Amino acid sequence: MTPETLVQNPSNPGANFDMAEFDAAVMGTYGRFPIALERGEGCRLWDAQGGEYLDFVAGIATCTLGHAHPALVEAVTQQIQKLHHVSNLYYIPEQGELAKWLVDSSCADRAFFCNSGAEANEGAIKLARKYAHKVLNIDQPVILTANASFHGRTLATITATGQPKYQKNFDPLVPGFYYVPYNDIEALKEAIAHLDSAGKRQVAGILLEPLQGEGGVRPGDASYFQQVRQICDETGILLILDEVQVGMGRTGKQWGYENLGIEPDIFTSAKGLGGGIPIGATLCKSFCDIFQPGDHASTFGGNPFACGAALAVCHTIERDRLLENTTQRGEQLRAGLNAIAQNYPQLIAEVRGWGLINGMELQGETEITSLDIVKAAMTEGLLLVPAGPKVVRFVPPLIVSESEVNRALEALGFAIAKVMKN
Ligand SMILES: *Cc1c(COP(=O)(O)O)cnc(C)c1O
């Protein structure tokens, strides 16, 4: 989401909240909608004036358990009373327990903890580079990433991100990245052949999202990913998957790659992992033992508080069978969106997604943007988020109920009817 895509001049500031004062003190890196959210419960949020919203944003695919979930409240309350932060100078039992849960639920053997998606991807990039130097004997390793991808806002991760708008004015960028079109196996083969020409190997890793989130909710093609996996197996190139948005159950499977019939060598998680408490993870097969003490670190990474929160998320996903709910509510949501799309073929081009990460793409010819739909939905009490100028994204908490999905569809129907009348 970029600042220019959002509301710039709030015309209806909250009654008890001074937006001008806020804007005077906070850096203007975000275009914000003119509401201030104060309280939440489940999939509902309330603003400073008491206005109620149905939350189909979930902090951008982050509040896995919605708001004020009893399991999360209890876990963080207990943890902060017991011990919230020490340092990785010492063993942290909650960190070990979380790592064990994550490796037991995935193809990975070990986890490293940090605090965000960008940082998790930085860890993956460093790991791939060290692997390239130590195992593949590559001097100047290159990591291939996809056009329209999104990997974060640090210098290395904006470079990895295949969208020039995130890189503009921040050059010089980090060397060692090269872009390919997503879901295009021939282009990938050509890029590898081009970079590895003259008998000198350069390609060390391929970093991809299983489904491109920010880039417009574009699912990966299983046959493409299976061929990428095969190329990696044959060449020793590492397959790195960015699961920051699609992992942790959001697709109805624990990890996004399970939708593609492959396993990565390295993958990253963040957003939904802590259910809104900041935590990220880089997960890897046992070759990550090339990382030795001193190679990588984070002061906050894996502290008892964040790990306690993430454990509550993991255990609640299991106990409350949230993967099943995600699959069922996702099917319900897509069926409803497709029904709306049939009523407005001149507006809506396609509905797509997995589980509870879904996008509604608008027709290229219409002047209506995703932001127009998002703003209209907000006035109907439904929070949505764009994924680019033409795609409306639906990423509710994984606890969303059948009746809440129906209410969201009803609100969206009203919002679209209004937009079409103007
Ligand atoms: C949000 C996101 C990131 C960046 O995560 P931060 O926590 O904002 O650093 C990276 N990759 C993907 C796929 C994302 O959706």
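Simple spin-label estimate for Gln342 and Gln363 gives 1.8 nm between the two label positions (7 Å along the Cα-to-Cβ direction from each Cα).
Quick one: Cys232, Cys107, fewest Cβ neighbours within 10 Å first, how do they rank?
Working: Cys232 19, Cys107 16.
Least to most surrounded, the residues fall as Cys107, Cys232.
In this structure the amide hydrogen of Asp109, modeled in the peptide plane, comes within under 5 Å of the amide hydrogens of Cys284, Lys285, Ser286, none closer than 5 places in sequence on its chain. Of the DSSP H helices in the chain, those that are both long (alpha-carbon extent of 27 Å or more along the helix axis) and hydrophobic (Kyte-Doolittle mean at least -1.0) are 322-343, 402-421.
Cross-link pairs exceeding 31 Å between alpha carbons, from the set Lys168/Lys271; Lys168/Lys189; Lys253/Lys418; Lys126/Lys390; Lys130/Lys271; Lys168/Lys375: Lys253/Lys418; Lys126/Lys390. Less than 5 angstrom separates the built amide H of Glu350 from those of Glu361, all sequence-distant by 5 or more or on a different chain.
Taking GluC sites (Glu not before Pro) in DSSP loop states with no more than 11 other Cβ atoms inside 10 Å as exposed sites, the chain has its longest site-free stretch at 1-364. With contacts taken as Cα pairs under 8 Å at a separation of at least 6 residues, segment 221-307 carries a relative contact order of 23 percent. Put a plus charge on the Cβ of each Lys and Arg, a minus charge on the Cβ of each Asp and Glu, and nothing anywhere else: the dipole of segment 97-199 about its Cα centre is then about 260 debye. With the Cα gyration tensor of segment 199-325 giving a ≥ b ≥ c as the square roots of its eigenvalues, does the rule (a/c under 1.5 for rounded; else a/b larger than b/c for prolate; else oblate) give rounded, prolate or oblate? Cα axes put segment 199-325 in the oblate bin.
Cβ screening of the chain for cysteine pairs under 4.7 Å finds these without a partner: Cys43, Cys63, Cys107, Cys114, Cys232, Cys307, Cys314. Taking Cα centre as origin and charging only the Cβ of basic (Lys, Arg, +1) and acidic (Asp, Glu, -1) residues, the dipole magnitude of the chain rounds to 280 debye. Evaluated with a Cβ-only charge set (Lys, Arg +1; Asp, Glu -1), segment 213-273 carries a dipole of roughly 280 debye about its Cα centre, given to the nearest 20. Each label was represented as a point 7 Å from its Cα along the Cα-to-Cβ direction; for Glu402 and Lys200 these points are 6.3 nm apart. With a Förster radius of 25 Å applied to the beta-carbon distance between Leu173 and Gln140, the computed FRET efficiency rounds to 0.95.
Each of Met248, Met19 was scored by other Cβ atoms within 10 Å of its Cβ. Arranged with the fewest first, they read Met19, Met248.
Nearest 5 is fine: what % of DSSP beta bridges in the chain come out antiparallel, could you say? Each step should come with its number before you reach the end.
Working: 31 of 50 bridges.
Given both bridge residues lie in the chain, the antiparallel proportion sits at roughly 60 percent.
Classify segment 171-233: rounded, prolate or oblate, from the alpha-carbon gyration tensor (a ≥ b ≥ c, eigenvalue square roots; a/c under 1.5 rounded; otherwise prolate if a/b is larger than b/c)? Cα axes put segment 171-233 in the oblate bin. From the Cα gyration tensor of segment 298-371, with a ≥ b ≥ c the square roots of its eigenvalues, which class applies: rounded if a/c is under 1.5, or else prolate if a/b is larger than b/c, or else oblate? Oblate shape, in that a/c is at least 1.5 and b/c is the bigger or equal ratio. The modelled label-to-label distance between Leu37 and Glu234, using points 7 Å beyond Cα along the C-beta direction, is 4.7 nm. Around the amide H of Val180, modelled in the peptide plane, lie the amide H atoms of Thr145, Ala146, Asn147, all under 5 Å away and 5 or more residues distant in sequence or on another chain. Between segment 280-298 and segment 162-238, the C-alpha centres lie 22 angstrom from each other. Farthest towards the positive end of the charge dipole of the chain, among the residues Leu83, Val244, Ala124, is the Cα of Ala124, using unit charges on the Cβ of Lys, Arg, Asp and Glu.
Where only DSSP H runs of four or more residues are counted, the chain gives -11000 deg cm²/dmol as its mean residue ellipticity at 222 nm, each run worth -39500 (n - 2.57). Here, the chain is characterised by an Rg to Rh ratio of 0.97, where Rg is the alpha-carbon radius of gyration and Rh the Kirkwood radius.
The spread of Cα positions in segment 298-422, taken along each principal axis and listed from longest to shortest, comes to 52, 32, 23 Å. Here Lys421, Lys253, Lys134 are placed in order of increasing Cβ neighbour count within 10 Å, fewest first, which gives Lys421, Lys134, Lys253.
Just so you know, all these numbers are worked out from the coordinates, no wet-lab data involved. The structure presented is a predicted model; accordingly, all values stated were derived computationally and were not measured. Quick reminder, even Gly has a Cβ in these numbers, built from the backbone with ideal geometry, and neighbours come from all protein chains shown.
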